[in-house]
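The values are calculated or read from the model by the stated rules, or taken from the named source; none is laboratory data. Here the structure is a predicted model, which is why all the values come from computation and not from measurement. Cβ atoms come from the backbone with ideal geometry, glycine included; neighbour counts cover every protein chain shown.
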Amino acid sequence: MNNIDDELLNKYLDGELNQDEKDLVRISIESSLEVKKRYEALLKAHNLLNSIEEESPSIDFTKLVMNKLNKRSVIAQQQKYFLLSILSLLGLVILGITGYVLFQVISSMQPTQSSEMVTTYTKDLGDYISNLFGQKNITILGSVLSFIMLISGYFLYDYQKHSKKNFSH
Amino acid sequence: MKNLTDVEIIESVKKGNQADFSVLIDRYKNKAFTMLKRMLKNDFDAEEVLMDCFLKAYNNLSTFKFESKFSTWFYRIVYNSALTKLSSAKRKIENEMSSVDDLHYLESKYLADDFIKEDNSVLIKKIVNELPPKNAAVVSMFYLEEMSTEEICEVLQISVSNVKVILHRSRNLLREIIEKRNLFQEVI
């Protein structure tokens, strides 16, 4: 009867024993006061653990989590718009440069009669752009563009840092 | 909506119905909070970690492939987040040996004369609240969430026999205390 250890009693309680083992434990409980006391104490521990009630977080917990999720969605959308505006700006710059290069290529070609009129109209615009990208202005224009890109980069970094902070709190 | 299964709710959230996620929160917040409170021994930390767990679950819902139950997947997030919180607070994460030491400490503490007059159920609650983190997690999942030892082993990423060892040790601790306290009462 002394070989009824705690492990066996636990398994008996959880219904993990085969029929022979079950019978052995049952007989031990019935015949030995010591085993009976141990088993009853174990059963009481099991019942007390079963009866412990769950606890709740603050009343508005669900609302708080949902607010955080909603806020996160708004921030994600704002980030999307911000990225789009940066990309649009860069797109415009690239488009301008491409336009200028194309103009230079077209104006270097021999004008035909059909394209003469278009060339005349665009010549003024071309001159203006040439001036803009001329030796004197190119440095200023480059600086302005770099400045815009730097500012955009800073805001993008700051925005991401801010939203990361929001997610973690 | 409250009668829907976890799978149906997750599918709805994945389709863009963010508000449906609140049903999952309501369904799991109390049990997960109880487990976290027992592991972290602190209401404030438990609530903070629980909030983080729900945000993580929402963010990673797209990676949930329905291969296991949502509860198993979610409790794994909860358990791992609690361990991270414990380690970030530079608290020692118990290993098998220190768990046993902690259990011995609890046993000798609650067998002391100071607790003789306390009601058993009050005392058990106190002891459960002081169990080492891993034992507290196993007891919570087994008794509160009524998870099987197989599901618990999936959450804790340990073997079924280890889960049983932890569960039996926790139960034996309480048994010892109940048994010895009854003997004390008989002597008195």
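Brief remarks on what is shown
- Restricting attention to the range B:23-34, the residues that are buried (at least 19 other Cβ atoms within 10 Å of the Cβ) and not hydrophobic (A, V, I, L, M, F, W, C) add up to 4.
- In the range B:142-156, the residues that are in the same structural domain as B:Ile166 (by TED's automatic domain parsing) and more than 14 Å from A:Asn50 (Cβ to Cβ) form no Cβ pair under 7 Å with any partner that is of a type in the set (S, T, N, Q) and crowded, with 20+ Cβ neighbours inside 10 Å, whether six or more places apart or across chains.
- B:Thr63 modelled with pLDDT of 90 or more, among the β-branched types (Val, Ile, Thr) and surrounded by fewer than 17 Cβ atoms within 10 Å (Cβ to Cβ): no
- Selection within the range A:1-43: residues that are under 15 Å from B:Arg175 (Cβ atoms), within 13 Å of chain B (Cβ to nearest Cβ) and assigned to a loop (DSSP other than H, G, I, E, B). The member of this set that is nearest to the chain's Cα centre (by Cα) is A:Asp14.
- Residue match in the range B:71-85 (condition: outside any loop (DSSP other than H, G, I, E, B) and modelled with pLDDT under 90): no
- Residue check, A:Ser58 assigned to a helix (DSSP H, G or I) and either of a type outside the set (A, V, I, L, M) or within 30 Å of B:Asn135 (Cα to Cα) (or both): no
- Every condition in (1) over 23 Å from B:His168 (Cβ atoms); (2) more than 39 Å from the chain's Cα centre (by Cα) holds for A:Ser85 except the one numbered (2).
- A:Lys11 falls short of the stated requirement of being charged (D, E, K, R), in the same structural domain as A:Lys123 (by TED's automatic domain parsing) and out of contact with any strand residue (DSSP E or B) (no Cβ under 7 Å at 6 or more places or on another chain).
- Within the range B:74-89, restricting attention to residues that are among the hydrophobic types (A, V, I, L, M, F, W, C) and more than 16 Å from B:Asn135 (Cα to Cα), the residue that is surrounded by the most Cβ atoms within 10 Å (Cβ to Cβ) is B:Phe74.
- Matching residues, the range B:150-165, being more than 17 Å from B:Ser81 (Cα to Cα) and not acidic (Asp, Glu): B:Ser159, B:Val160, B:Ser161, B:Asn162, B:Val163, B:Lys164, B:Val165
- Those helices (runs of 4 or more DSSP H) of the range B:118-188 in which 3 or more residues are more than 9 Å from chain A (Cβ to nearest Cβ) and at pLDDT below 85 occupy B:120-129, B:160-187.
- Among (1) closer than 19 Å to B:Ser140 by Cα; (2) within 13 Å of chain A (Cβ to nearest Cβ); (3) in contact with a helix residue (DSSP H, G or I) (Cβ under 9 Å, 6 or more places away or on another chain), the one test that B:Phe44 misses: (3)
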